[in-house]
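What follows is a set of notes on a single structure, which appears directly below.
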Amino acid sequence: MVRIIPMASSIRPSLSSLRFSGASSRFGVSLSSVNPCRRLSFLHLGSAVPQSHVFGLKASMPLRGECNSLAVAAAGNVAQASTAAAPEDVLEWVKRDKRRLLHVVYRVGDLDRTIKFYTECLGMKLLRKRDIPEERYTNAFLGYGPEDSHFVIELTYNYGVDKYDIGSGFGHFGVAVEDVAKTVELIKAKGGKVTREPGPVKGGSTVIAFVEDPDGYKFELLERGPTPEPFCQVMLRVGDLDRSINFYEKAFGMELLRKRDNPEYKYTIAMLGYGPEDKNAVLELTYNYGVTDYDKGNAYAQIAIGTDDVYKTAEAIKLVGGKITREPGPLPGLNTKITACLDPDGWKSVFVDNVDFLKELE
């Protein structure tokens, strides 16, 4: 079995997939709503995508994998109205809030095929799986440890949809492994696609490799020692790195762990998160010189983040200029409180109340 370990420091973007200024629209952001959420994972689900953006999907069929924009229960808003704080107090509170990355959500065309690849080739465990036939979708959660303490993957399969457009904005996921070469050989033996053979990263000594899962999502394998968080990274491309760093620091309370410019290859990266890279999953933002916009496709959905207060979280996001796509409050029929937003580039995130999240897992 492949033993998974921590992330390396140097990442390379796929320049062949870039879209330059004037790129096509980001249809993965503005989507119409469908049926209400019924369980916690539904907070990531319930948006329809135009037929022209989905392969083999009827226009009326709902896609699961994003939070919808349901109206918040009035009682929830009234209950929180008295807690409004001064702007400076809210932004200071964000720095103290207990936050961590919970899971990343994206869509796949064959759930069993993807589960097989992740468990046999990448050493992940299937944590749980749930079919919702009345809503025509199935969820599967995979990772390297329990959801209450690890960053995990939430896969969504929508009935009858076997292909998605990943777009040029999504970069890759990072997985730390003890031996990159052996992991690559295993993936090849299982019929997996290797897009970058094992070897030192350009300008450094860390051994890396790139592979693709059956749906075309890229995974960077990084050779390092043991880590409590093997699923260690999500890389997204942005059009203005300093703007994004400011947003994630102030609105999300993330720490800028490091920033590196690579003028030879015309890109700059920034690592942000809620703790050191060797012990926590992090967000890697990549800015490619001269690229201000990307096609986000309809495959990647969002990241879910835990918080002690979704109401204050929404206040902070608004103060920093973020767009709230789901006002804070409990999901209809549940006590689980959430809020959802878009960053300056249109990447979606959902914040989930920490206590409610643990109750749902129980």
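So how long is each side of the stretch 231-362 along the principal axes, counting just the alpha-carbon atoms, biggest first, in Å?
If we take the Cα atoms of the stretch 231-362, the spans are 53, 30, 29 Å.
Quick check: convex hull of the Cα atoms in the stretch 115-183, volume per residue, rounded to a whole Å³?
Value for the stretch 115-183: 132 Å³ per residue.
Could you state, as a whole-number percent, how many of the C-alpha pairs of the stretch 119-252 are farther apart than 26 Å?
Everything past 26 Å amounts to 33 percent.
Starting from the exponent 0.38 and prefactor 2.2 Å, build the expected Rg for the stretch 176-246 from its residue count and divide its actual Cα Rg by it.
Here the Cα radius of gyration is 1.26 times the empirical estimate.
Have a look at the DSSP beta bridges in the stretch 295-351 and tell me what percent are antiparallel, nearest 5.
70 percent
Please calculate how many Å² of accessible area the stretch 239-362 carries per residue, with a 1.4 Å probe and no DNA, RNA or ligand atoms counted.
I get 35 Å² per residue for this part.
Modelled label-to-label distance, Arg96 and Val355, 7 Å Cα→beta-carbon offset: nm?
Reported label-point gap for Arg96 and Val355 is 1.7 nm.
At a Förster radius of 51 Å, what calculated FRET efficiency corresponds to the Cβ-Cβ distance of Glu264 and Asp112, to the nearest 0.05?
0.75
Along the Cα→Cβ direction, 7 angstrom out, place labels at Thr292 and Ala86. What is the inter-label distance in nm?
3.7 nm
Roughly how much of Arg196 is accessible, in Å² to the nearest 10, using a 1.4 Å probe?
60 Å²
Just report the Cα centroid separation between the stretch 273-321 and the stretch 136-160, whole Å.
19 Å
The values are calculated or read from the model by the stated rules, or taken from the named source; none is laboratory data. Just so it is clear, the model here is predicted, and its values are computed rather than measured. Neighbour counts run over all protein chains shown; Cβ positions are idealised from the backbone, glycine included. Side chains included, ligands, DNA and RNA excluded: accessible areas come from the protein's heavy atoms. Shrake-Rupley method; radii C 1.70, N 1.55, O 1.52, S 1.80 Å.
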